[in-house]
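The structure appears below as structure tokens.
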Amino acid sequence: MKKNLMIILLAVMLPSLAFSQCRRFTKVKCLPALGEYIPNDNFNSAVLIPGDEAELTMTFYAGQDYRVMVCAEEILGDLSYKIVNDDGESVFDSESTDTDHLDFSVANTQQLHMILKVPPRENPNQLIHEGCATVLVGYKDES
């Protein structure tokens, strides 16, 4: 009975621990890279493994300057990401540039979709390591 209770407790606590580790990683390693941009209130982070793909929908408001940044633990390798509009047209693709962020402004309020891809393992016999990946959105304060 005690063993079952411990297993259940562990199963409930592990996701919480992973989330708090992602939060700390983001605060220490990622937020400073936003520079003069103010982070929005959303915390967009996930624990991913090699070969994973994640999609995030974000709203951007007209006349605002933004920085969108991807920050990931080194264990995940070089993440690639692209930003597409509602019609699926590519707005930005990280594979065509060597940067972890994009600075831009939008003329009209719109929703954009970010698709993150973690590279697959080079050796399928390797252990699977998980790591934190974070998408930060910052804006400039014009006041």
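Please treat every number below as a calculation from the coordinates, not as lab data. Just so it is clear, the structure is predicted and the values come from calculations on it, not from any experiment. Neighbour counts are summed over all protein chains in view; Cβ atoms, including those assigned to glycine, are modelled from backbone coordinates with ideal geometry.
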What is the angle, in °, between the Cα long axis of helix 2-25 and the longest principal axis of the Cα atoms in the chain? Nearest 10 is fine, range 0 to 90. 30 degrees
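Tell me the mean residue ellipticity at 222 nm calculated for the chain from its helices only (DSSP H runs of n ≥ 4, each -39500 (n - 2.57), averaged over every residue, nearest 500). Write down the numbers at each step before the final one.
Details: 1 runs with 24 residues, N = 143.
After summing the helix terms and dividing by the residues of the chain, the value is -6000 deg cm²/dmol.
Given a Förster distance of 25 Å, report the FRET efficiency between ASN125 and ILE49 from their Cβ-Cβ distance, rounded to the nearest 0.05. Don't skip to the end; give the middle numbers.
Details: r = 15 Å, r/R0 = 0.60.
Here the calculated transfer efficiency is 0.95.
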Could you work out the relative contact order of region 36-140, using alpha carbon pairs under 8 angstrom and six or more residues apart, expressed as a whole percent? 51 percent
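May I ask you to sort ILE83, ILE75 by Cβ crowding, counting other Cβ atoms within 10 Å and putting the fewest first? Working shown, then result.
On the way: ILE83 19, ILE75 13.
The fewest-first ordering by Cβ neighbours comes to ILE75, ILE83.
To the nearest 20 debye, what is the magnitude of the charge dipole of region 36-140 about its Cα centre, counting +1 on the Cβ of each Lys and Arg and -1 on the Cβ of each Asp and Glu?
Details: 5 positive and 19 negative charges, 35 e Å.
It works out to roughly 160 debye.
Only loop residues by DSSP count here, and only those with at most 13 other Cβ atoms within 10 Å; note down the chymotrypsin sites (Phe, Trp or Tyr not before Pro) in region 21-63 that meet that.
Numbers: sites: PHE25, TYR37, PHE43, PHE60, TYR61; in loops: TYR37, PHE43, TYR61.
Those that pass, being in a loop and sparsely packed, are TYR61.
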Of region 27-48, those with amide N under 15 Å from the point 7 Å along the Cα→Cβ vector of ASP65 are 34-39
Can you list, largest first and rounded to whole Å, the semi-axes you get for region 36-140 by taking the square root of 5 times each eigenvalue of its Cα gyration tensor? 27, 14, 11
